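Encoded as structure tokens, the structure appears first; notes follow it.
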Amino acid sequence: MNAGHFITVEGIDGAGKSTHLEALAAWLRERGVPVLVTREPGGTVLAEHLRELVLHQAMDALTEALLVFAARRDHLVQRIEPALAAGTTVLCDRFTDATFAYQGGGRGFDGAVLAQLERWVQHGREPDLTLWFDIAPAVAAERLAGARAPDRFEAQDTAFFDRVRAGYAARCAAAPGRFERLDAAAEPAAVWAQIERAMRRRAWW
Ligand code: TYD
């Protein structure tokens, strides 16, 4: 049996990735592809507990980085690796690029330590495709305004999200074959067209 593909979606808060994630899952299922939709931090009982802490509890940057990688480890072992091995395509709302963008870029935490944690936790596992919903922080902030009580990340200012965006741009530049940068400021239908193009280019299905 062929292993499933590992697809991640990334972008700053308010980029609109979650809506398109569901549409992408439906698009794949229509083609007969078995799909697991999941998210980080989260995806297992333990990792969802850790998510609550990371999103709402004050902590220093190293603690934050350790917790997101602890959640990732559990998620990989319990769900992602078994699904891929069984031939299921995994669609994950955020993964390690978010750690480099938010903890590395946004918080300014040491990228070399993150890279070490990535090696320990993932043993070389990385996404086959990453859809990066790129958008200017000011536009994303308008979309988020008044939506709900902000978590520890959504409450950050535009300068924080400028650094997060730069973090994503650096990850994209370092792995151009894996990344697809999408113009997420476009109308939803135009964003979807970019996603479909990116998927067809892969010719996996
Ligand atoms: P998000 O994925 O935006 O979920 P929702 O749509 O429910 O708000 O929220 C997760 C937050 O966690 C987001 O602000 C980014 C942050 N995050 C990190 O800081 N580091 C990480 O490694 C991951 C996966 C997420």
For the chain, with +1 on Lys and Arg beta carbons and -1 on Asp and Glu, the positive-most of 87, 23, 198 along the dipole: 87
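Tell me the per residue accessible area of the chain using a 1.4 Å probe; a whole number in Å² is fine. Can you show the working numbers first?
Values: 9470 Å² over 205 residues.
With all protein chains present, the chain gives 46 Å² per residue.
When the Kirkwood radius is taken over all Cα pairs of region 6-201, what Stokes-Einstein diffusion coefficient follows at 4 °C and 1.567 mPa s, in µm²/s?
Details: Rh = 17.0 Å.
Diffusion coefficient, whole number: 76 µm²/s.
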Quick one: among 165, 119, 51, which has the greatest mean-square fluctuation in a GNM of the chain with alpha-carbon springs under 10 angstrom? 119
Go ahead and estimate [θ] at 222 nm for the chain from helices alone: -39,500 (n - 2.57) per DSSP H run with n ≥ 4, summed, over the residue count, rounded to 500. -15000 deg cm²/dmol
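The values are calculated or read from the model by the stated rules, or taken from the named source; none is laboratory data. If you're wondering where the values come from, they're calculated on a predicted model, not measured in any experiment. Here the Cβ is made from the backbone with ideal geometry for all residues, glycine too, and neighbour counts use every protein chain on show. The protein model used for the area step is the full one, side chains on, heavy atoms only, and it has no ligands, DNA or RNA in it. Shrake-Rupley method; radii C 1.70, N 1.55, O 1.52, S 1.80 Å.
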